[in-house]
1. What's the number of the condition ALA34 fails, among (1) at pLDDT 95 or above; (2) not in a strand (DSSP E or B)?
2. Given the condition more than 21 Å from CYS140 (Cα to Cα), polar (S, T, N, Q) and within 14 Å of the chain's Cα centre (by Cα), answer yes or no: does some residue in segment 29-52 qualify?
3. Determine whether segment 66-83 contains at least one residue that is in a strand (DSSP E or B), at pLDDT 95 or above and either surrounded by 17 or more Cβ atoms within 10 Å (Cβ to Cβ) or aliphatic (A, V, I, L, M) (or both).
4. Restricting attention to segment 89-102, which residues are more than 17 Å from ARG144 (Cβ to Cβ) and either of a type in the set (Phe, Trp, Tyr) or assigned to a strand (DSSP E or B) (or both)?
5. Go through (1) more than 25 Å from THR39 (Cα to Cα); (2) in contact with a Phe, Trp or Tyr (Cβ under 8 Å, 6 or more places away or on another chain); (3) crowded, with 16+ Cβ neighbours inside 10 Å one by one and return the number of the condition PHE122 breaks.
6. Report yes if LYS36 is among the basic types (Lys, Arg) and crowded, with 18+ Cβ neighbours inside 10 Å, otherwise no.
7. Could you check, for segment 94-114, whether at least one of its residues is surrounded by fewer than 18 Cβ atoms within 10 Å (Cβ to Cβ) and free of Cβ contacts under 8 Å to residues at least 24 places away in the same chain?
Amino acid sequence: MMDIHQILKQLPHRYPILLVDRVLEIDKGKRIKALKNVTINEPFFMGHFPHRPVMPGVLMLEALAQTAALLSFDSMGVTPDEKTVYYFAGIDAARFKRPVEPGDQLVMDVTLERHKAGIYKFKGVARVGEDVACEAELMCTMRRVG
């Protein structure tokens, strides 16, 4: 498990783009389960949509990617520094099955499918309760900058 203080040490993201509140489970090098509490105070709800607030699908994918990054860092046993950036390399088979609204808890389940030549491939599923909200195959890579 990882609380928000440990997450902040691993991920460079900050408000309003930090989209992981807690890691619930981690199986080193295999899978991770993390949580995002979705509240009406999210800045994107002001414009998406004022009459019916819905979390943008691209932010669900970002939450899955941040969860995947936490799994990668844990698997490698590293704490990234300010010169380490974790990038999307690709997204395949993204599907959105249920709207995510204020008050929902988005639970991200991410499994490492393979790691080859610096590219990590994950299968990610985000759920609200038992319902799948979003699923996708994610490819990510880490780069040193500066």
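The values are calculated or read from the model by the stated rules, or taken from the named source; none is laboratory data. Keep in mind it's a predicted model, so treat the numbers as computed, not measured. Every residue, glycine as well, gets a Cβ built from its backbone with ideal geometry; the counts of neighbours run over all protein chains shown.
1. (2)
2. yes
3. no
4. GLY90, ILE91, ASP92, ALA93, ALA94, ARG95, PHE96
5. (2)
6. Values: among the basic types (Lys, Arg): yes; crowded, with 18+ Cβ neighbours inside 10 Å: yes.
Yes; evaluated as a whole, the condition is true for this residue.
7. Yes, segment 94-114 contains a residue that is surrounded by fewer than 18 Cβ atoms within 10 Å (Cβ to Cβ) and free of Cβ contacts under 8 Å to residues at least 24 places away in the same chain.
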